[in-house]
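What follows is a single structure, written as structure tokens, with notes after it.
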Amino acid sequence: MYPSGRFPLTPEQVEAALKNRWKPTVALHQETVIGFANIYDLEEQVCWLGNAIVAPAHRGAGAASHLITMMMEIAKRDLGVPKLRLVCHNANVPTLLFYTKMGFKPLAISEKRYGMPDGRRIVGIQMEIEL
């Protein structure tokens with residue numbers, strides 16, 4: 001999701017997260033929102049996947065693959081960029097493995113402290129996929 005976000009997301013958290021974001025997208029199951037993602041830092045050749053989250057009850061059932069595939073299509077078709085990047089944190093091993101399975105490749109790592117309530121250090125792993 002993102003370091004300062006807390007599950008379950010509230011409308012106020014989503015509204016704050018959407019400032020300076022593009023293409024907010026939800027995944028639905030039986031008319032219930034089960035996933036959310038958006039795009040940020042849109043540039044000529046790349047944009048970034050942001051705020052990606054899937055409800056715990058729908059993880060491992062294809063919802064995340066569907067949501068990320070939708071975001072890849074939106075980035076290519078609607079925004080015209082050839083690359084999509086993201087940052088995944090080191091503590092999120094299942095998601096790192098998921099993005100690797102989706103075809104994302106690691107680019108760089110950097111130390112992060114933003115949004116961590118206890119001030120602890122985490123590592124942001126930048127990943128990229130060609131669209």
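Each reported figure results from applying straightforward, stated rules to the coordinates on display, with no laboratory input. Predicted, not measured: the structure shown is a model, and the values here were computed from it. With ideal geometry, Cβ positions are generated from the backbone for all residues, glycine too; neighbour counts draw on all protein chains shown.
Would you mind checking the pairs 19/105; 23/105; 19/101 and listing those with alpha carbons more than 26 angstrom apart? Please report the intermediate quantities before stating the final value.
On the way: 19/105 28 Å; 23/105 23 Å; 19/101 30 Å.
Flagged as over cut-off: 19/105; 19/101.
Within a Cβ distance under 15 Å of residue 109, other residues only, what is the Lys/Arg minus Asp/Glu net charge?
+3
Kindly rank 42-49, 69-76, 119-126 from highest to lowest mean number of other beta carbons found within 10 Å of each residue. The partial results should precede the final answer.
Values: 42-49: 16.0, 69-76: 17.8, 119-126: 13.2.
Listed from highest to lowest mean packing, they are 69-76, 42-49, 119-126.
From the residues 62, 107, 13, which one has its Cα farthest along the dipole of the chain in the positive direction, the dipole being from +1 and -1 charges on Cβ of Lys/Arg and Asp/Glu about the Cα centre?
After comparing all options, I get 107.
Suppose we look only past 18 Å in the calculated P(r) of the chain. What percent of the Cα-Cα pairs does that tail hold?
54
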